[in-house]
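Here is the structure we will look at, set down as structure tokens.
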Amino acid sequence: MANGAGIEGMILGKYKIIQKLGSGAMGAVFKAQNTENQQVVALKILSPKLAKDEQYLKRFQREVRAARELQHPNIIAVYDAGAYKGFHYFTMEFIEGESALDYIEREKKFPIPLALKIIYYVAKALDHAHSKNIVHRDIKPANIMISRNGVVKLADMGLAKKIGEGAYTQITMAGRIMGTPYYLAPERISQEGDKSDTRADIYSLGATFYHMIVGRVPFVGDPKKPFQIYHDILNRPVEFPPEANIPSAIQGLIQKMMAKSPQQRFQTPRELLQTIEELFKAARKTQSTASSATSTASATSAKKGCLGVSIFVVFLFVVVVFLAVSTFFF
Ligand SMILES: Nc1ncnc2c1ncn2[C@@H]1O[C@H](COP(=O)(O)OP(=O)(O)O)[C@@H](O)[C@H]1O
Ligand SMILES: [Mg+2]
């Protein structure tokens with residue numbers, strides 16, 4: 001049933017299911033309406049496998065309560081959790097828009113400045129969660145929603161299944177992979193249980209940023225055989241294909257986010273935010289230098305009224321813009 005077949009129109013407690021939106025490792029997500037106040041929500045039904053696990057259910061309910069305390073413009077609000085005829089579900093803010101993964105699938109990759117802005121807002125969401133001692137555990141493009149009016153919203157904050165408690169291992173033993181291994185921090189693979197902290201989320205955000213601008217994940221491989229991917233995450237350095245033309249400042253930023261050792265990464269989302277803010281500042285400075293250089297040059301060309309000078313001005317403008325862009329990124 002949680003696969004969504006024929007569930008449209010069904011009533012689940014006070015919620016009426018409108019349509020299926022998608023599904024992931026935790027279950028399926030539906031657009032639904034609260035019949036008491038008409039509010040449209042996103043409703044996630046836990047997969048039967050997870051709902052069977054008593055311990056998981058208990059912790060899940062605790063986590064939904066914690067997630068409800070997170071109120072931030074860049075975090076999808078969690079409303080409430082419930083159970084109805086054996087279906088365990090929770091509801092959250094419905095986002096009209098698309099995920100960063102939908103965007104990548106359509107456009108192949110993001111322009112770097114847009115991706116950097118999105119990463120910045122996700123880091124803000126992580127900073128807020130960090131202040132409440134909550135980690136995400138499943139940062140990936142599918143969990144970053146971009147609303148139709150351009151607001152970045154992080155989904156599933158604090159609600160992802162913990163690795164080491166069965167999710168990935170069980171799924172691999174069953175020969176199916178529902179979660180995605182590509183963005184996992186090394187310590188989430190190698191540690192017993194889940195002792196990872198906000199720095200593991202910073203790693204996953206780095207892997208997400210890489211995917212967004214390169215158009216593929218940092219360590220490719222068949223998700224049905226994740227051991228090769230795990231091996232690369234643990235051992236191989238992060239490399240950028242030269243044809244992707246990623247500026248060295250951005251490469252450095254991602255490499256620091258994705259350092260193998262948590263001690264080598266940004267230690268908090270705040271540290272990451274500060275570094276991105278410096279990049280934004282540098283970009284603004286070079287932009288304003290570029291525009292004042294062009295206006296001076298145009299004034300000179302107008303005085304002389306000569307076609308040759310105008311062409312030279314256009315050439316100069318191109319050079320200045322090129323320099324500005326490269327100073328920002330290199
Ligand atoms: N709050 C939401 N509003 C609108 N769509 C959502 C929301 N949460 C999830 N979705 C959609 O449902 C899909 C499945 O979500 P989910 O079960 O969390 O799996 P995953 O995050 O692995 O894609 C998402 O990719 C997204 O398209
Ligand atoms: Mg999700």
### Task
Quickly run through the stretch 215-235 and pick out the residues that are part of a loop (DSSP other than H, G, I, E, B) and not β-branched (Val, Ile, Thr).
GLY215, ARG216, PRO218, PHE219, GLY221, ASP222, PRO223, LYS224, LYS225
### Failed item in (1) at pLDDT below 90; (2) in contact with a Lys or Arg (Cβ under 8 Å, 6 or more places away or on another chain); (3) surrounded by fewer than 18 Cβ atoms within 10 Å (Cβ to Cβ), with TYR56 passing the rest
(3)
### Message
If I filter the stretch 11-26 down to residues being more than 18 Å from THR180 (Cβ to Cβ) and either of a type in the set (Phe, Trp, Tyr) or assigned to a strand (DSSP E or B) (or both), which single residue comes out as farthest from the chain's Cα centre (by Cα)?
### Response
ILE11
### Summary
The strands (runs of 3 or more DSSP E) lying wholly within the stretch 70-149 that contain at least 1 residues that are farther than 25 Å from GLN251 by Cα and of a type in the set (A, V, I, L, M) are 78-84, 87-93
### Query
Tally time: how many residues in the stretch 22-58 are hydroxyl-bearing (Ser, Thr, Tyr), closer than 14 Å to TYR89 by Cα and more than 14 Å from ligand 1 (Cβ to nearest atom)?
1
### Summary
The residue that is surrounded by the fewest Cβ atoms within 10 Å (Cβ to Cβ), considering only those in the stretch 61-115 that are closer than 19 Å to VAL40 by Cα and among the acidic types (Asp, Glu), is GLU96
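The values are calculated or read from the model by the stated rules, or taken from the named source; none is laboratory data. Predicted model only: the values in this text are computed from it and were never measured. When we count neighbours, we look across all protein chains shown, and the Cβ atoms used for this are built from the backbone with ideal geometry, even at glycine.
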